[in-house]
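Derivation of every value follows stated rules applied to the coordinates shown; laboratory data play no part. Computed from a predicted model, the values in this text were never measured in an experiment. Cβ sites come from the backbone with ideal geometry, for glycine too, and all protein chains shown count toward neighbours.
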Amino acid sequence: MAAQGIWNGTISFSLVAIPVRLVTAVMPGHVSFHLLHSKDYSRLARKMFCPVEERAVAPDEIIRGYEILPGKYITMTDEELESVSPERSRTIEIIEFIDMKDVDPIYFDHPYYLVPAKGGEKAYQLLVEVMGRTNKAGLAKFILAEREYLVAVTSKDGALALTTLHYSEEILPDGDLLPKKVSADPAEEARMEKSIKDMVADFDPGKYADGRRKKIRDLLDAKVKEHALVEAPAMAEKEEEGPADLVAALEESMRKVKESR
Amino acid sequence: MAGATIWKVIIHFGDTDVPVKLHSAVKEERIQFHLLHEPDQVRVRQQLICALDKQPVPAEEQFKGFEVGEGKYILLDPEELEQTVPESDRKIEVHEFVKTTQIDPHFLDRVYYLEPDVQAKGYAPLAAALNELDVSGICTWTMRKRSYFGALQASGKVLRLNTLRYADEVVSARSLDLQKVPLTEKELTIGSELIEKLTAPFEPRKFENEHQKKLQEMIDKKARGENIVVMAPRRLKPTEPDNLLQVLEASLKKAA
Amino acid sequence: MSRTYVDIDGRSLPLSNLEKDLYPSYGFTKAAILEYYRRIAPFILPHLHDRALTLKRYPEGVEKEFFFEKRCPAHRPAWVRTAEVVHHDTEPMTMCVVYDLETLLWAVNLASLELHVPLARTDSPGTPDSLVFDLDPGDGAGIPECARVALILRDLLSPMGLVSYVKTSGQKGLHVLVPLNNKETTFEDTKTFSRAVAGIMQRHYPDLVTARMAKTERQAKVFINWSQNDPSKTMISVYSLRGRDRPFVSFPLEWKELEDLDGHSDPERLQVVHSEAVRRAEEKGDLFRDVLVKKQKLPHL
């Protein structure tokens, strides 16, 4: 299974530097649909639309702007954004190691895996094994998509997992949720414990599936059997490339290029 | 203070019913940027554009189609889809309890705080029991037209509800196809010593979002018309596999 | 700070810090850099005439911070010519325009190792003189892959009646330029055309070419950055130095050099260092002269 590369750079601890790629640890499971235009069943795409020029604009015509006054923007290029924290945009520097037992799971945000890039396999494996032996995790700062995260790097099933953490100030306090005075009720606690013990089992997440997904799949299967398909107009894809005449001329020229090579 | 009440529901298992209110447990803050069309700096917004006439399409003209082949779709109309939506039923059904340590952290998705609603006599004993036995309640519920699977846990005296990812959504480390590389016992020993030397207690309050501050400074500088200095990202030279032991030993010396 | 005065055409130009080494790992002082630009002046000046200059300054050398400067520095000699340029969000900005040796050396003396210019001239900012294909290799690709793409581009455009010219960017890639030099072609035209070409290239050579900027799409491929065909964009001028570890130059290449690259994958083979740039230019002249004068029209628009 090809892992999608989200970021690449180096992870380091003290003087050891390991080239790595960040890949996804979570695959969305929902059934994905396309949106179609009711008129002619042509595909709808989510695009950024310029209301002045009344057309969809390509990602490279788009720049990020920070609104400093209503309607007045300061724009930032990718290069400028990458240079805000240049020491961290391509490097994950482990500042210290911690005991994961000390980390309240409420701090966990999003999980990823790190895989070694060429040449880094040995140092990668070393970090995995020694963190496993010592039962520790590495704490680092990391910048991804213009956000700075505090991350925990852990040894998990022979690989390095990277989990972004929330900052302390992002965790809301829970102190005011409980009534001030709650008297303990030992009998009730004992009863509760017994109820629970009767229901203890091993964790088997495979038992649980998203009911809605199954219903949608069943519905789709039924429709396929009825041969209830619609077709989108074929020309949709080509329009993207440019004026029809030009595209045709380029295709003709390309044909010649390929013939002569 | 915790976020506003999102939803009211009843935790149920066996003879036990505990009415609770859900609250957000995490609040994220970030500098908001808008996306602009570069030449004229007009704000662009995401719209659903028809591939054929290249214009935005209103909601009533949007149909959902499942692709079965090149350009071929099965149309699902809104009524049919509505029928697949689960009924919201104000109940968190706990099916079993498992040792909390058995739950792989990669399954954890969002977390909510639970506040006891009126007449929630079972709340405190439940929290106490979960703590005492070190278990989590595996449960399912439906909220706002979506089915959820989660873990009910205690943190001190407060109950939390964690939504979990489904088994087929979690990528296993095995699928990464990592090669095993032989390491010497010396490398492993020195490496372990180094880690122990660099170990510190977890103090999350030490860490601030510095990037946010620097980004704001850069925006302010640009707003004043000052030149900003663009620095290339720092790239570290990877450690050569043959040098690993030496580098570990040098690191250990440095850490001492 | 040491200062020397140099007399050019009756104008006195102050030069400073001549012994400062701005390329520390290679060894190239300000004096040597100024000497390079003095000797390359006959070749670079025609490409800087009538173009708003963006300076890229490395005051402490290539290993330290750099910054772009569009506004012509206020403390300039009276003879430095300027132009008022309108940039999208603000009032008109005064930018430097280089017409002569002394202005060139004055700019370089400010440690502007790199000189960046737009595709259009100051008197007609909406009509570019040429169309550019900026070939930018992603991680895992390099100049040899760019050379392949450049050759395919040349062969694709030639049956359509378009002659193209190639230069190194001096960094990681190549620039292919198609001269136009006519009053009617706008940036809208060049952008549409280059975008269509990039799309066709990607479709027929998907493992080699991408037309999309997203970094995840660029692994081991050459990105044809067609969006450089824009009035607000600038590119490194031909014959300019680059601010990287070695003083490579954005230098015109003969197509034969790319053809001969087949099989030799040494990425530095096509790169031209300052001394070689001077030698080759003095021997063969300005290979990019036609980019300034050849008139061509984009077909099918």
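Quote the FRET efficiency, to the nearest 0.05, computed for residue B:42 versus residue A:79 with a Förster distance R0 of 25 Å and r equal to the Cβ-Cβ distance.
Details: r = 23 Å, r/R0 = 0.91.
After rounding to 0.05, the efficiency reads 0.65.
Would you mind listing how long the stretch C:3-118 runs along its three principal axes, going by Cα atoms, in whole Å with the largest first?
If we take the Cα atoms of the stretch C:3-118, the spans are 40, 35, 26 Å.
How many partner chain Cβ atoms sit within 10 Å of a residue's Cβ in peptide B:121-133, on average, as a whole number?
Working: counts 3, 5, 3, 9, 12, 6, 4, 8, 10, 3, 0, 5, 5.
Mean number of neighbouring Cβ atoms from other chains: 6.
Could you run the Karplus curve 6.51 cos²θ - 1.76 cosθ + 1.60 with θ = phi - 60° over the stretch B:12-24 and give me ³J(HN,Hα) per residue in whole Hz, x for Gly and Pro?
10, 7, x, 8, 9, 9, 10, x, 9, 10, 8, 10, 5
Would you tell me the mean number of C-beta atoms belonging to other protein chains that fall within 10 Å of each C-beta in A:111-117, as a whole number?
Numbers: counts 9, 2, 7, 1, 4, 5, 2.
Mean number of neighbouring Cβ atoms from other chains: 4.
From the phi of every residue in the stretch A:48-54, what ³J(HN,Hα) in whole Hz does the Karplus formula 6.51 cos²θ - 1.76 cosθ + 1.60 yield, where θ is phi - 60° and glycine or proline is x?
Those phi angles translate into 7, 10, 8, x, 7, 7, 6 Hz.
Over chain C, what is the relative contact order in whole percent, taking alpha-carbon pairs under 8 Å and six or more residues apart? Mind showing how you got there, number by number?
Details: 621 pairs, mean separation 61.4, N = 301.
That works out to 20 percent.
Taking chain B as the region of interest, what is the percent of Cα-Cα pairs per 10 angstrom bin, listed from the shortest bin to the one with the maximum distance?
Going out from 0 Å in 10 Å bins, chain B shows 5, 15, 18, 22, 23, 14, 3 percent.
So what is the relative contact order of chain A, in percent, for Cα pairs below 8 Å that sit 6 or more residues apart?
Working: 283 pairs, mean separation 46.5, N = 261.
Relative contact order, chain A: 18 percent.
As an exercise, find the ratio Rg/Rh for the stretch C:130-293 from alpha-carbon atoms, using the Kirkwood inverse-distance average for Rh.
Values: Rg = 15.1 Å, Rh = 16.1 Å.
Result: Rg/Rh = 0.94.
Return the calculated 222 nm mean residue ellipticity for chain B, to the nearest 500 deg cm²/dmol, obtained by summing -39500 (n - 2.57) across DSSP H runs with n ≥ 4 and dividing by the residue count. Walk me through the numbers before you get to the answer.
Numbers: 5 runs with 57 residues, N = 256.
About -7000 deg cm²/dmol.
Using only the Cα atoms of the protein assembly as shown, what do you get for the radius of gyration and for Dmax, in Å?
31.4, 104
Whole number please: convex hull volume per residue, Cα atoms of chain C, in Å³.
Numbers: hull volume 42.7 nm³, N = 301.
It is 142 Å³ per residue.
Averaged over peptide B:89-96, how many Cβ atoms belonging to another chain are found within 10 Å of each residue's Cβ? Intermediate results must be reported in sequence, preceding the final value.
Numbers: counts 0, 0, 0, 0, 0, 3, 4, 9.
Mean number of neighbouring Cβ atoms from other chains: 2.
Most fluctuating residue of C:56, C:191, C:233 in a GNM of chain C with Cα springs under 10 Å: which is it?
Fluctuation is largest for C:233.
For a quick check: with amide H placed at 1.01 Å from N, whose amide H comes under 5 Å from residue C:122's, ignoring anything fewer than 5 positions away on the same chain?
C:51, C:52
Once amide H atoms are built 1.01 Å from N in the peptide plane, which residues 5 or more positions from residue A:92, or in another chain, come under 5 Å H to H?
So residue A:92 has HN proximity to A:10, A:11, A:12.
Highest GNM mean-square fluctuation, chain A, Cα pairs closer than 10 Å: which of A:97, A:33, A:13?
A:33
Check chain C for me: any Cys whose beta-carbon has no other cysteine beta-carbon within less than 4.7 Å?
So far as the 4.7 Å Cβ criterion goes, C:146 stand without a partner in chain C.
Given the options B:223, B:128, B:25, which has the most mean-square fluctuation in a GNM of chain B, springs set between C-alpha atoms less than 10 angstrom apart?
B:223
Could you run the Karplus curve 6.51 cos²θ - 1.76 cosθ + 1.60 with θ = phi - 60° over the stretch B:35-41 and give me ³J(HN,Hα) per residue in whole Hz, x for Gly and Pro?
Coupling constants for the stretch B:35-41: 9, 10, 7, 3, x, 10, 6 Hz.
With the contact rule set at Cα under 8 Å and sequence spacing of 6 or more, what percent relative contact order holds for the stretch C:130-293? Please report the intermediate quantities before stating the final value.
Values: 285 pairs, mean separation 49.9, N = 164.
Averaging sequence separation for qualifying contacts and normalising by length gives 30 percent for the stretch C:130-293.
How large is the helix-only mean residue ellipticity at 222 nm for chain C, computed as the sum of -39500 (n - 2.57) over DSSP H runs with n ≥ 4, divided by its residue count, in deg cm²/dmol to the nearest 500? Write out the running numbers ahead of the final one.
Values: 7 runs with 82 residues, N = 301.
Result for chain C, helices only: -8500 deg cm²/dmol.
What does the charge count near residue B:166 come to, summing +1 for each Lys or Arg and -1 for each Asp or Glu among other residues with Cβ under 11 Å from its Cβ?
Net charge around residue B:166: -1.
Taking amide H positions as placed in the peptide plane 1.01 Å from N, state which residues far from residue B:68 in sequence (5 or more) or on other chains have amide H under 5 Å from it.
B:73, B:74
So what's the back-of-envelope 222 nm ellipticity for chain A, counting only DSSP H runs of four-plus at -39500 (n - 2.57) apiece and dividing by all residues, rounded to 500?
Details: 6 runs with 67 residues, N = 261.
It comes out at -8000 deg cm²/dmol, rounded to the nearest 500.
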